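The values are calculated or read from the model by the stated rules, or taken from the named source; none is laboratory data. Keep in mind that what you see is a predicted model, and the values were worked out from it rather than measured. Positions of Cβ are generated from backbone atoms using ideal geometry, with glycine treated the same way; all protein chains shown enter the neighbour counts. Only protein heavy atoms, including side chains, enter the accessible area calculation; ligands, DNA and RNA are left aside. Shrake-Rupley method; radii C 1.70, N 1.55, O 1.52, S 1.80 Å.
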Amino acid sequence: MRILDLGCGDNKVEGAVGLDNIAQIGVNIIHDLLHFPYPIESNEFDTIYLRHVIEHFNIDKINKIMNECYRILKKDGQLIINVPHVFSIAAFTDPTHKQYFTFGSGYFWDKKYQKSYYRDIDSCWELVNVKCNRITWLDWKHYQFKRLDKFLSSLMEKRINRALLKLNNPSLADRIIRKYNFQFCEIQWMFNK
């Protein structure tokens, strides 16, 4: 199984080919994500990761990046995207973030979604999973407090993932994030080609 980690930085997914615009440990291909096409053959990878990458671009550039992912993914390949939730503090900590997301934002790239008619977004994917991948509630640094934070964060992560299963109340998970002011909440969308 071939894995590509786009915008990997120095934190590449294990076993993946790493592509980034600067030479760092773990980067195998040095290439700017906004220069198309990437130096990769069509239908070459089974899985592509975009972890904390797309929030650094505006919607038209995100769309181009996702279209390039579509080109280089094999048939039935998976695109896995991780972004910070708009209501977590970390979404606004990095001044280079240009786009903000809720759990439901990924549906706009799903070809079956009722609002997939927007011209700004190419809805060619099938969204197969939405989840809260990680929570850091308080980001305490002291060892004992850090353990408590990890425990409380894991409880909230489970609560949010249960809320995401309630199809009759799609914004419940987003409202939980807004209510509790988490330091960091990571959204993960999994798309099939």
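Some notes on this structure:
- Per residue, the chain exposes an accessible area of 55 Å² to a 1.4 Å probe, with every protein chain left in place.
- Maximal additional length on extending the ARG147-ASP10 stretch stands at 46.7 nm, based on 0.36 nm per residue less the C-alpha distance.
- Nearest-20 debye value, segment 1-149 charge dipole, Cβ charges on Lys, Arg, Asp, Glu: 400 debye
- Taking every protein chain into account, the 1.4 Å probe leaves LYS64 with about 110 Å² of accessible area, to the nearest ten.
- Near ASN129, the amide H atoms lying under 5 Å from its own belong to MET190; only residues 5 or more places off or on other chains count, and H is placed 1.01 Å from N.
- Prolate/oblate/rounded label for segment 1-86 (Cα gyration tensor, a/c 1.5): rounded
- Surface composition of the chain: carbon plus sulfur atoms contribute 52% of the solvent-accessible area (1.4 Å probe, protein chains only, all chains present).
- For the chain, DSSP calls about 50 percent of its internal beta bridges antiparallel.
- For the chain, adding -39500 (n - 2.57) for each run of n ≥ 4 DSSP H residues and dividing by the number of residues yields -8000 deg cm²/dmol at 222 nm.
- At q = 0.09 Å⁻¹, base-10 log of I(q)/I(0) for segment 69-193 (Debye sum, equal scatterers on each alpha carbon): -0.29
- Listed residues VAL17, ASN43, PHE151: farthest to the positive end of the dipole of the chain (Cβ charges): PHE151
- Placing unit charges on the Cβ atoms of the charged side chains and taking the dipole of the chain about its Cα centre, the candidate lying farthest along the positive direction among TYR113, VAL130, LEU172 is LEU172.
- R0 of 41 Å, Cβ-Cβ distance TRP140-LYS64: FRET efficiency to nearest 0.05: 0.55
- Paramagnetic reach from ARG175 in segment 129-143 [backbone N under 19 Å; point 7 Å along Cα→Cβ]: 132
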